[in-house]
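Undergrad: The structure's right below; bear with me while I get my questions together.
The values are calculated or read from the model by the stated rules, or taken from the named source; none is laboratory data. This is a predicted model, so every value here is computed, not measured. In this analysis, Cβ positions are derived from the backbone assuming ideal geometry, glycine residues included, and neighbour counts consider all displayed protein chains. For accessibility, only protein heavy atoms count, side chains too; no ligands or nucleic acids. Shrake-Rupley method; radii C 1.70, N 1.55, O 1.52, S 1.80 Å.
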Amino acid sequence: IKSIEYSRDAEGQCITVDHPNGLYLTDDFITTHNSIFLANAAYELSLANPGTRILMARDTLAALRETTMRDTIAIVPPMLVQQWNQSDHWLKIRRDTWPKGISSTILFEGIHDYQKLGSGAYQYILIDEASEVPDEAFRYLLTRLRHKLPKQVEELKEKQCRYVYRYEDGGTGVCGKICPEMV
């Protein structure tokens, strides 16, 4: 991000429905789900950027647990979960083709009391139900976007597979592997 400038105030719509899968219909009967989008984004970003730190946030941790955190844990294949710390709310993801000691981390936090986040550094910050979050929290979180990938990862990223594939359900994914034959 090089700069952020005020554009305008506009009406927004962000909803959550009380159903186990959280799906709802929108214009033209399109089935959608807010938290699945963010869960997939966090997962794909963690694979595409080995060693990254992602903050997944919502106004309260309790609300985040019931939606996006649950969905993120559900979509990450167990073979890629290096560690899931339920009490401190973070997930480490690692491919076995990544350099030794490198893993991506997704941290789950409520940001109602955003100053308690301290001096954490993140490469990405994903906010669920952004309409619930005060403007001051957004400004504060912008100062936390300063995580740098490990140097060895930056060097390997030039050789990282960027193949985009399609799932049977029509979704897409990025390979993101750092394969030995590419190194």
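Undergrad: By per-residue mean of other Cβ atoms within 10 Å, what is the highest-first order of 48-55, 35-42, 145-152?
TA: By packing density, highest mean first, the sequence is 48-55, 35-42, 145-152.
Undergrad: Please compute the modelled spin-label separation between Gln86 and Leu145, points set 7 Å along Cα→Cβ, answer in nm with one decimal.
TA: 3.4 nm
Undergrad: In terms of modelled amide H atoms, which long-range or inter-chain residues lie less than 5 Å from the amide H of Asp59?
TA: Excluding prolines and chain starts, which carry no amide H, the hits are Ile111.
Undergrad: While we're here: In nm, to one decimal, how far is the modelled label at Gln115 from the one at Arg8, with both set 7 Å along Cα→Cβ?
TA: Roughly 3.5 nm, to one decimal.
Undergrad: What list of ³J(HN,Hα) couplings, whole Hz, do you get for region 140-145 from phi and the Karplus terms 6.51, -1.76, 1.60, once you set θ to phi - 60° and write x for glycine and proline?
TA: 5, 5, 4, 6, 8, 7
Undergrad: Could you compute the FRET efficiency for Ala62 and Glu168, with r as their C-beta to C-beta distance and R0 at 35 Å, rounded to 0.05?
TA: 0.50
Undergrad: Now, a different point. Taking all protein chains in place and a 1.4 Å probe, what share, in percent, of the accessible surface of region 31-170 do carbon and sulfur account for?
TA: Of the solvent-accessible surface of region 31-170, carbon and sulfur hold 51 percent.
Undergrad: Over all directions, what mean area does the Cα convex hull of region 38-134 project, stated in square nanometres?
TA: Mean orientational projected area (region 38-134, Cα hull): 6.1 nm².
Undergrad: Leaving out ligands and nucleic acids, and using a 1.4 Å probe, what accessible area per residue does region 39-85 come to in Å²?
TA: Accessible area per residue, region 39-85: 38 Å².
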